[in-house]
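A short reminder: the numbers here are calculations on the coordinates, not readings from a lab. Please read these numbers as outputs of a predicted model, since none were measured by experiment. Cβ placement follows ideal geometry from the backbone for every residue including glycine, while neighbour counts extend to all protein chains displayed.
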């Protein structure tokens, strides 16, 4: 898909949707965004064409998708609520709109699809045997996309680990677990076990990788999946250690995540229940093999960690006067997967 046309983005106010939209816009795409609150979206990305509507409404999606060459499906149920009742119908609407317009679907994937039999290194052909309800729904969503590809719709799935970046929503482990938005860093929470590896994906890098993959030639009806390696830490605690240094608080304590409390309250608090379901992804090392992506692009976009963390903490209003100053950075190759 070498030409630049119109990209409809569902979820453009979220972390992944916003960064994919920005990367596409910078490469010459006209961005069209569907949102229930378009005025808020215009403040976030004034260059886009914002349309009021709901991804749950098939007619709204169909109208917004007219003459679009690309549909980015980066919308998720808010607050982890009612995934089956919301996520699957929204995807059905996207598939119908893509089929009607001959558009390619871009779908940000997650590691929820996998169970322990696929760990520690996830490849595109690793078995998907999830152990959670949300994981099973994500597998079902990708099966729907595969069937759409069989019917002639081009599908591109790019999968990554936990997101961090300057435009995150509340549904992220970085903002819900590691630091508190809107406050200087006084402590950092580490959800994982000691010496247990974890993969993080900086959202602007992820968006750039998706935009580059979109423009690779592919036949209609193709179904392609790529894994984004991102920032890998063999000892997951390294992320917490670097956060406090970048925030100018090198002596801030690194606290263990209160899993026992969260598990005890999970029957009564929906958010805690959904977070507890993901605990297994913090108990063992989970890394994504990006060899296929690097082969396709020649490199994986990769912002130096301190630069990425500074932008993230600044976007969350967490930087105090002692934060380390920004350093010039560029896209470089990450260490091998």
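Of note:
- As a proxy for reagent exposure, 143, 307 were ordered by neighbouring Cβ count within 10 angstrom, fewest first; the result is 143, 307.
- Tilt relative to the chain, helix 83-101 - C-alpha long axis, 0 to 90 degrees, to 10: 40
- Value of [θ]222 nm, deg cm²/dmol, for the chain, DSSP H segments ≥ 4, -39500 (n - 2.57) each, nearest 500: -10500 deg cm²/dmol
- For the range 30-81: Kirkwood Rh in Å [reciprocal of mean 1/r, alpha carbons]: 11.7
- Paramagnetic reach from residue 271 (point 7 Å along Cα→Cβ, amide N under 15 Å) across the range 183-201: 183
- Sorted by Cβ density within 10 Å, fewest first, the residues 233, 268, 163: 268, 233, 163
- Cα gyration tensor shape of the range 194-275, rounded if a/c is under 1.5, else prolate or oblate by comparing a/b with b/c: oblate
- Taking a ≥ b ≥ c as the square roots of the eigenvalues of the Cα gyration tensor, an a/c ratio of 1.5 or more together with a/b larger than b/c marks the range 35-119 as prolate.
- The calculated pair-distance distribution of the range 147-297 uses every alpha carbon pair, bins of 10 angstrom beginning at 0, and gives 10, 32, 32, 18, 7, 1 percent.
- Based on every Cα atom in the range 137-185, Rg and the maximum pairwise Cα distance Dmax equal 16.5, 51 Å.
- Expected-Rg normalisation [2.2 N^0.38 Å, Cα atoms] applied to the range 248-297: 1.75
- Summarised as an ellipsoid, the range 75-220 has semi-axes of 29, 18, 17 Å, derived from the eigenvalues of the Cα gyration tensor scaled by 5 and square-rooted, with the largest first.
- Per-peptide average of other Cβ atoms within 10 Å, ordering 179-186, 18-25, 239-246 highest first: 18-25, 239-246, 179-186
- Proxy reagent accessibility, fewest Cβ within 10 Å first, across 35, 295, 175, 266: 295, 266, 175, 35
- Nearest 10 degrees, 0 to 90: helix 237-246 Cα axis against the chain principal axis: 80
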